[in-house]
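The values are calculated or read from the model by the stated rules, or taken from the named source; none is laboratory data. None of these values were measured; they are calculated from a predicted model. No Cβ is skipped: glycine too gets one built from the backbone with ideal geometry, and neighbour counts run over all protein chains shown.
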Amino acid sequence: MAAAQDRRVTMHALVGHEDARASVATAHQRDLLPAALLLHGGRGIGKQRMALWLAQLLVCQKPGDEPCSTCAPCRMVLGLEHPDVHWYFPLPRPKGAAGDKLVEALEQARFEEIADIREGALRPSHSEEVRGLYLGTVKSIRARAHKRPVMARGPIFIIGEAELLVPQESSPEAANALLKLLEEPPGGGRFILTSNEPGRLLPTIRSRTVPLHLGPLSTETVQDFLEHHAGVAPDKAEWAARLSQGSPGRALGFLPDTDERGPLDALRRRAYELVTASLAAGTAKGYGVALGFPPAGARGLVDLFDFVEEWLRDLAAVASGAKDAVLNHDAVAELERRVRDSGIAPFAAADAFASVERARELAWANVNPQLVIGGLIRDLSGALRGGRAAAVRT
Ligand SMILES: [Zn+2]
């Protein structure tokens with residue numbers, strides 16, 4: 001215990017992304033790093049952690065291929081307390097606050113979350129809470145951008161999940177205010193945006209940032225991260241890493257919290273329920289599943305649909321005899337039984353992807369979730385069961 005208390009409080013290490021680190025470090029050495037970068041890639045693979053690494057490189061007094069991690073500015077970034085490195089990310093909307101009070105409440109919530117991370121809290125990439133980057137957040141960024149930096153050449157802003165600037169706000173005001181800053185960062189300012197859905201960023205924001213893609217990590221790297229940075233037992237770490245698609249943040253979401261299933265594991269099972277409901281004869285089960293969803297908050301379904309696609313891909317893999325390619329590695333026997341019992345052809349599962357894509361668009365448009373799910377089960381049933389489903393529906 002004493003050793004743990006003596007240890008300097010810093011956030012966890014950056015793992016993986018060696019190629020991206022090398023190209024960024026080379027660009028920095030040649031003073032060619034753009035003032036506005038967009039790190040994009042899968043959810044939970046460490047984009048915001050990479051952005052902090054980059055901020056560290058920018059303020060480091062002895063940067064080489066990596067930030068030195070020993071100079072004072074480096075240590076301040078690692079302790080999330082550098083006065084010129086400002087990390088923003090989506091937050092739940094504070095209740096009952098408006099105007100300047102909202103700006104203050106958002107800043108308070110952000111500092112509290114950063115304090116938790118500084119103490120070692122690891123955030124899974126999945127959250128049931130509705131979070132956003134609100135106009136209040138952009139106002140606070142704008143105010144800081146016009147202040148003189150304390151010790152760095154200019155302020156460095158990290159904006160995580162930047163695509164949430166638009167859909168959470170009914171007007172594009174927040175995105176437009178940010179746009180002005182990106183166009184001409186005041187006082188040597190730098191912006192590092194991250195997004196797992198760069199296609200949903202305003203085109204004007206996309207065109208003002210230089211993209212850098214971060215790929216998934218290897219399963220071994222994720223497993224190693226879980227064991228050595230999150231204290232997960234090796235067997236659990238391996239199980240979660242294999243489900244994670246190369247994303248430590250996703251892997252954390254699968255792991256149980258005390259006796260509760262991990263949120264992503266629960267979501268994955270709900271997605272499976274949805275797929276099996278569409279394989280069942282008759283529509284009653286489908287309605288039952290649809291009515292089990294709340295009538296509002298359709299955007300929360302987007303994550304669910306990723307899992308529906310995963311199960312469809314797995315069904316297609318099993319149906320075509322490629323069970324080694326199954327992502328839900330702990331459900332192979334169950335999938336084989338389903339394919340045998342329902343006689344799913346590989347092409348039928350592939351056809352079903354279009355249904356999921358339609359449902360995803362409706363969810364982004366905030367259509368009632370019960371309607372979206374009901375429609376999806378009907379469409380999937382049609383695609384997976386072919387002629388049989390059509391007969392039931394008429
Ligand atoms: Zn340094």
| said: Anything in the stretch 196-232 that is of a type in the set (D, E, K, R) and within 17 Å of the chain's Cα centre (by Cα)? List them, or say none. | reply: Glu197, Arg200
| Does the stretch 81-90 include one or more residues that are in contact with a Cys (Cβ under 6 Å, 6 or more places away or on another chain) and within 16 Å of the ligand (Cβ to nearest atom)? | no
| Could you say which residue among Asp100, Asp84 is over 24 Å from the mean Cα position of the chain (by Cα), modelled with pLDDT of 95 or more and among the charged types (D, E, K, R)? | Asp84
| field | Pairs where the first residue, in the stretch 277-299, is under 23 Å from Ser342 (Cβ atoms) and the second is β-branched (Val, Ile, Thr) and modelled with pLDDT under 80, C-beta under 8 Å, 6+ apart | value | Ala281/Val392; Gly282/Val392; Thr283/Val392
| query | Which of (1) farther than 26 Å from Pro124 by Cβ; (2) away from the ligand (no atom under 16 Å from the Cβ) is the odd one out, the single condition Ala25 does not satisfy? | reply | (2)
| request: Scan the stretch 33-71 for residues that are within 8 Å of the ligand (Cβ to nearest atom), part of a loop (DSSP other than H, G, I, E, B) and buried (at least 24 other Cβ atoms within 10 Å of the Cβ) and jot them down. | output: Pro67
| remark: Counting only residues in the stretch 296-319 that are more than 13 Å from Glu361 (Cα to Cα) and small (Gly, Ala, Ser), the one surrounded by the fewest Cβ atoms within 10 Å (Cβ to Cβ) is identified as Ala296
